[in-house]
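Asker: Starting off with a structure, shown below.
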Number of protein chains: 2
Amino acid sequence: MKISVLGTGMVGNAIGTRLLALGHEVMMGSRTATNEKAKAWVASAGNKASNGTYETAAAFADKFVINCGNGQHTLDILKQAGASNLKGKILIDIANPLDFSEGMPPFLSVCNKDSLGEQVQKLLPETKVIKSLNTLNCNFMLNPALLAGDHVIFMSGNDDAAKGEYLAFLNTCGWKSTQVFDLGDIKTARGTEMLLPVWLSIYQKLGTPNFNFGIVK
Amino acid sequence: MKISVLGTGMVGNAIGTRLLALGHEVMMGSRTATNEKAKAWVASAGNKASNGTYETAAAFADKFVINCGNGQHTLDILKQAGASNLKGKILIDIANPLDFSEGMPPFLSVCNKDSLGEQVQKLLPETKVIKSLNTLNCNFMLNPALLAGDHVIFMSGNDDAAKGEYLAFLNTCGWKSTQVFDLGDIKTARGTEMLLPVWLSIYQKLGTPNFNFGIVK
């Protein structure tokens, strides 16, 4: 598939590189088409990798666009990408609305009665927004076999057919269907975004981000 | 030990009954000494069970007081229990600040930059407050063997010696030390209280509260 990754940071790099390994064509989107980090990634990533503006990248995708941007910039990034370029597509929103402006630990700039996932869906009513992959380290997001054991991810979204297509995609990445929890509509993104504070405490306690949540029954 | 349980609801009942099975003397505290639910519990629970006001119960405990009250009433309950009766003791705060006043799903009446755990510690500066057990069903709180697998609980508190005593108590309940995550000071209670929205979504998805979080490494 032709998949777009919005964002040139650690998450965008990890996701983009993994998508290439899975055989997809990947365009990395950023504010400008001359972004140095995006160009460096393309130079190292081979001929199925390209880069462009958020707008170009959103148009490039045939089905999936993955928002790997900073949570504080996500709405702005998606406005630049353009509603018409994202119309009818599935937007996987990985971003968490973490605000580090008051130091550590960060707080959430939106939570409790709203979520970034809901704000994204509201901004893009004709896009199928799925909040997912925001509760684990980027190295494991599309490569679950790197952690032993039945760890889990979540998804929240309003469109059941889109969630079905996304689950099929996750299966190709190595996720067993039993490891993927469809929590319900996009409002349930509140819950996974609010997992971040305890995730950060566990990270600090363990001294490594190499862990994930499991559900023990 | 002489342990007090504040609250007569499902959580107080489960915790009180389990403490008796572990050989402790238990006083259940409530707003009045004639509370019907507390008296019914005592009548069914045998001669090591008693009940009284929050104040009487707090005074009864030799070391541990367990707050099993509703999160919306917790500060009021603890004011009634009395700072002098709780002074020097270890208060295990299980309550979550869930507010159901706007229907389902509930929201948190405090979160993000503050937590109920912190408010309790601020109210009772001479009590060693430990936020714990607030992230799983009450039947498993002091009886982890009812769930197979290495599920986990968390603790947050400012007093390391008190957390050590609490861990030793948890071991007597069946928790292995490797299943107990000391997240840090009481501020980290924000993270575990903010786990509740996703916990409730998973509960709804599974159709049962019989699960708990694990940490997969």
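The values are calculated or read from the model by the stated rules, or taken from the named source; none is laboratory data. Computed from a predicted model, the values in this text were never measured in an experiment. Positions of Cβ are backbone-derived with ideal geometry, glycine not excepted, and every protein chain shown enters the neighbour counts. With ligands, DNA and RNA removed, areas are computed over all heavy atoms of the protein, side chains included. Shrake-Rupley method; radii C 1.70, N 1.55, O 1.52, S 1.80 Å.
Asker: Residue check, B:Leu91 against (1) among the aliphatic types (A, V, I, L, M); (2) open to solvent by less than 60 Å² (accessible area, probe 1.4 Å); (3) assigned to a helix (DSSP H, G or I), all met but one. Which one?
Answerer: (3)
Asker: Considering only region B:175-199, state which residues are within 7 Å of chain A (Cβ to nearest Cβ) and more than 14 Å from B:Ile153 (Cβ to Cβ).
Answerer: B:Gly184, B:Arg190, B:Met194, B:Pro197, B:Val198
Asker: I've got another one for you. Might you check whether a residue that is farther than 20 Å from B:Val120 by Cβ and of a type in the set (Gly, Ala, Ser) occurs anywhere in region B:59-70?
Answerer: no
Asker: Among the residues of region A:198-209, is any in contact with a helix residue (DSSP H, G or I) (Cβ under 7 Å, 6 or more places away or on another chain), within 21 Å of A:Ile130 (Cα to Cα) and in contact (Cβ under 8 Å) with a residue 12 or more places away in the chain?
Answerer: No, every residue in region A:198-209 fails to be in contact with a helix residue (DSSP H, G or I) (Cβ under 7 Å, 6 or more places away or on another chain), within 21 Å of A:Ile130 (Cα to Cα) and in contact (Cβ under 8 Å) with a residue 12 or more places away in the chain.
Asker: I'd like the full set of residues that are part of a helix (DSSP H, G or I), free of Cβ contacts under 8 Å to residues at least 40 places away in the same chain and open to solvent by 50 Å² or more (accessible area, probe 1.4 Å), limited to region A:147-167. Don't jump to the end; show me each part of the working.
Answerer: In the first step, residues of region A:147-167 are kept if they are part of a helix (DSSP H, G or I); the result is A:160-167.
Retained after the next criterion (residues that are free of Cβ contacts under 8 Å to residues at least 40 places away in the same chain): A:160-161, A:163-164, A:167.
Within region A:147-167, A:Asp160, A:Ala161 meet the criteria.
Asker: To continue, here is another question. Looking for something within 12 Å of another protein chain (Cβ to nearest Cβ) and either part of a loop (DSSP other than H, G, I, E, B) or open to solvent by less than 20 Å² (accessible area, probe 1.4 Å) (or both) - is there at least one such residue anywhere in region B:115-122?
Answerer: Yes, region B:115-122 contains a residue that is within 12 Å of another protein chain (Cβ to nearest Cβ) and either part of a loop (DSSP other than H, G, I, E, B) or open to solvent by less than 20 Å² (accessible area, probe 1.4 Å) (or both).
Asker: Limited to region A:124-139, what total is found for residues that are farther than 18 Å from A:Val198 by Cα, open to solvent by less than 60 Å² (accessible area, probe 1.4 Å) and either in contact with a Leu (Cβ under 6 Å, 6 or more places away or on another chain) or not hydrophobic (A, V, I, L, M, F, W, C) (or both)? First the steps, then the outcome.
Answerer: Here is the first cut: in region A:124-139, the ones farther than 18 Å from A:Val198 by Cα are A:124-131, A:139.
Among the residues that remain, those that are also open to solvent by less than 60 Å² (accessible area, probe 1.4 Å) are: A:124, A:127, A:129-131.
If we keep only those that are either in contact with a Leu (Cβ under 6 Å, 6 or more places away or on another chain) or not hydrophobic (A, V, I, L, M, F, W, C) (or both) as well, we get A:124, A:127, A:129, A:131.
Selection size over region A:124-139: 4.
Asker: Then there's this: Kindly check whether there is at least one residue in region B:210-217 that is within 13 Å of chain A (Cβ to nearest Cβ), among the β-branched types (Val, Ile, Thr), in contact (Cβ under 8 Å) with a residue 12 or more places away in the chain and open to solvent by 10 Å² or more (accessible area, probe 1.4 Å). Steps first, answer last, please.
Answerer: First, the residues of region B:210-217 that are within 13 Å of chain A (Cβ to nearest Cβ): B:210-217.
Then drop every residue that is not among the β-branched types (Val, Ile, Thr), which leaves B:215-216.
With in contact (Cβ under 8 Å) with a residue 12 or more places away in the chain added as a condition, the list becomes B:215.
This time we only want the ones that are open to solvent by 10 Å² or more (accessible area, probe 1.4 Å), so: B:215.
Yes, some residue in region B:210-217 is within 13 Å of chain A (Cβ to nearest Cβ), among the β-branched types (Val, Ile, Thr), in contact (Cβ under 8 Å) with a residue 12 or more places away in the chain and open to solvent by 10 Å² or more (accessible area, probe 1.4 Å).
Asker: May I ask you to list the residues in region B:1-60 that are open to solvent by 60 Å² or more (accessible area, probe 1.4 Å), assigned to a helix (DSSP H, G or I), of a type in the set (Ser, Thr, Tyr) and over 25 Å from B:Gly174 (Cα atoms)?
Answerer: Answer for region B:1-60, where residues must be open to solvent by 60 Å² or more (accessible area, probe 1.4 Å), assigned to a helix (DSSP H, G or I), of a type in the set (Ser, Thr, Tyr) and over 25 Å from B:Gly174 (Cα atoms): just B:Thr56.
Asker: I'm trying to understand the selection: among the residues of region A:168-209, which are open to solvent by 30 Å² or more (accessible area, probe 1.4 Å) and assigned to a strand (DSSP E or B)?
Answerer: Hit for region A:168-209 is A:Asp182, nothing else.
Asker: Suppose the filter is within 11 Å of chain A (Cβ to nearest Cβ), surrounded by fewer than 24 Cβ atoms within 10 Å (Cβ to Cβ) and in contact with a Leu (Cβ under 7 Å, 6 or more places away or on another chain); does B:Phe107 pass it?
Answerer: no
Asker: When only residues in region A:61-88 that are of a type in the set (S, T, N, Q) and not in a loop (DSSP other than H, G, I, E, B) count, which is nearest to A:Asn158 (Cα to Cα)?
Answerer: The selected residue is A:Asn67.
Asker: For region B:94-104, name all the residues that are more than 10 Å from chain A (Cβ to nearest Cβ) and outside any strand (DSSP E or B).
Answerer: Listed by number, the residues that qualify are B:Ile94, B:Ala95, B:Asn96, B:Pro97, B:Phe100, B:Ser101, B:Gly103, B:Met104.
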